[in-house]
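Here's the structure, in structure tokens; my notes come after.
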Amino acid sequence: LSGRKVTVQPLDGFEELISLFQKNKESTDKILSAFPKQRDRLFQNYMSDVANIATGEGKTWAAVQTGVNAANILNRTQEFMIRRGIFQTALDHDLRNRGLDLTDIIKNNKLGVIPEDSIKAAVQQSLSKTFSETPAWGTISRKIIDAVNAVPGANLAIPFPRFMYNAIKFQYQYSPMGILSYLSPSERAAFAAGDVSKISKAVIGTGLFGAAMLMRNSDNAGEKWYEYTKDNGDVVDLRPFNPFASYLFAADVLK
């Protein structure tokens, strides 16, 4: 390319993104065609749903849900793109641990060799990472979400109950309070068996909270909770830096 001017078209990156999205969609749909229940689980609702119509919940607000879906078409598209990406990454990692190759499986149409528990785990991780996980039947969290979706008008006050559940769960797990998970005998047994996921999340959250406390109590703390003042006097807005921004807010409240 020496001595030659290369012109980059404004839509080149967008076209590449669409191409990757299409390939990812095709491969994910092909995998899940052999697991229809897990396919429905992955795509029947999304982060900002008002009511879960696919499973018959909240039919009173079906029209509202339809309107929300139309208004959030771009948000739904990008979220499902992320879900597919997380799903394939998690599934590929699991299959490699089992001595299998996902690319080879898709290419040679050998979907039958994929264990269903691998699919379930990948779907679960995808929903969890996009704050779309639904609590198990019978739990208090599930009853609250179902009640909000069922009571006319409740969605006006709490429009996204499932997202709120996932957000609160995330903040709890990734905080010093996350260590309280080990009050449960089953979690202690899982830890003894080598599952350190809960304590890992608690340590990460504690580190973030500790860093936020140090910053808000330092000479670089801005006037507002989200401001960081550089040594030259410039003020940086840290609100876009989630999830760290949440810890900054909590640290400022404590301060």
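The values are calculated or read from the model by the stated rules, or taken from the named source; none is laboratory data. Small disclaimer: the values here were computed from a predicted structure and weren't measured. Because the Cβ atoms are built from the backbone with ideal geometry, glycine has one as well, and the counts that use them run over all protein chains shown. When the accessible area is computed, the model is the full protein with side chains, heavy atoms only, and any ligands, DNA or RNA have been set aside. Shrake-Rupley method; radii C 1.70, N 1.55, O 1.52, S 1.80 Å.
Observations on the model:
- Net lengthening on full extension, Ala167/Glu187 (0.36 nm per residue, minus Cα-Cα): 5.1 nm
- Those lysines that a straight Cα-Cα span of less than 23 Å connects to Lys198, excepting residues fewer than 8 apart in one chain: Lys120, Lys129, Lys169
- Backbone geometry of region 139-146 corresponds, through the Karplus equation with coefficients 6.51, -1.76 and 1.60 at θ = phi - 60°, to 3J(HN,Hα) couplings of 7, 4, 4, 5, 5, 5, 4, 4 Hz, x marking Gly and Pro.
- Translational diffusion of region 69-159, µm² s⁻¹ [Kirkwood Rh, Cα pairs; Stokes-Einstein; 25 °C; 0.890 mPa s]: 157 µm²/s
- Extending 7 Å from Cα along the Cβ direction at Ser128 and again at Ile199 yields two label points whose distance is 1.8 nm.
- nm² value of the averaged projected area, convex hull over the Cα atoms of region 134-200: 5.3 nm²
- One way to sum up the overall shape of region 182-255 is the equivalent ellipsoid from its Cα gyration tensor, whose semi-axes run 34, 11, 9 Å, largest first.
- Charged-residue dipole, Cβ positions (Lys, Arg, Asp, Glu), region 127-255 about Cα centre, Debye nearest 20: 480 debye
- Using a simple spin-label model with pseudo-atoms 7 Å out from Cα toward Cβ, Met177 and Ala136 lie 2.1 nm apart.
- Dividing the C-alpha radius of gyration of region 115-255 by 2.2 N^0.38 Å, with N its residue count, gives 1.30.
- Length gained when the stretch Ala150-Ser218 is fully extended (0.36 nm per residue, less Cα-Cα span): 19.7 nm
- Residues in region 233-240 carry Karplus couplings, in order, of x, 5, 9, 9, 8, 9, 4, x Hz; the curve used is 6.51 cos²θ - 1.76 cosθ + 1.60 with θ = phi - 60°, and Gly or Pro positions show x.
- When a 1.4 Å probe is rolled over the protein heavy atoms, the share of accessible surface on region 165-255 that falls to carbon and sulfur comes to 63 percent.
- Solvent-accessible area per residue for region 159-255 (1.4 angstrom probe, square angstrom): 61 Å²
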